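Single-structure report; data block below.
Values quoted throughout were computed directly from the atomic coordinates according to the rules given, and no laboratory measurement underlies them. Keep in mind that what you see is a predicted model, and the values were worked out from it rather than measured. With ideal geometry, Cβ positions are generated from the backbone for all residues, glycine too; neighbour counts draw on all protein chains shown.
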Amino acid sequence: MKKILVLTACIAAAAPLHAQTGAPTAQPSAPAAPMATESPFQASLTPNIAIYPQTAVIRGFAINVWGQNPQHGFNFGIVNGSTGESGGFSMAMVNYDDSYTGVQWGMVNYSKQSFTGWQEGWVNVSKGSFTGWQDGWVNVSDALHGLQSGVVNYTRNLHGVQIGVINVAMNNGWFDQFPHQLARGFPLVNWSF
């Protein structure tokens, strides 16, 4: 564990130096165009207590107690927040994002707009479109294109397969009267194409 902490501290110390020495210098006669900050590494205790600000794009590795950045790479922590169009691999107790492409492993995974890839956790929620595989105890999505596998699977608009103890797809005709009447079927597998 000490080796990982020492390596992380060395990388954290070297990242700002790399950003300073590798940045092109602006000509005095021409004003420099504003550039988004990018970094290959981020370490954060909270979104406001971090090496780089929340607006910096992380293209590489982030280690967080609670981090929140646009990111493309590996994000490891207790709470990982990915803003904007992000992607890669996020592993934490809680992962949340605006729009994400890749893999999220966590106890709770929450996607605000769209998700493409694989969510693995106890509870997976996708408020927008979801394309791929949701695997967990409880899976919820507004529009699913792919597979949900878990104890409870719920989607408003299913284009794919649900495998679990309770499978609810609101666009399935069997659920037209839900919650007043419960469908008599689909306790293990549900599908709609």
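Classify the stretch 109-193 as rounded, prolate or oblate, taking a ≥ b ≥ c as the square roots of the eigenvalues of its Cα gyration tensor: rounded when a/c is under 1.5, otherwise prolate if a/b is larger than b/c and oblate if not.
Taking the square roots of the gyration eigenvalues as a ≥ b ≥ c, the stretch 109-193 is prolate.
At a 10 Å Cβ-Cβ cut-off, how would you order Phe193, Phe76, Phe130, Phe61, fewest neighbours first?
Lowest to highest Cβ neighbour count: Phe193, Phe76, Phe61, Phe130.
Between Phe193 and His159, what is the label-to-label distance in nm when each label sits 7 Å out along the Cα-to-Cβ direction?
The two pseudo-label positions are separated by 1.3 nm.
Compute the signed sum of charges (Lys and Arg +1, Asp and Glu -1) over the other residues within less than 12 Å, Cβ to Cβ, of Gln113.
With Lys, Arg at +1 and Asp, Glu at -1, the net is -2.
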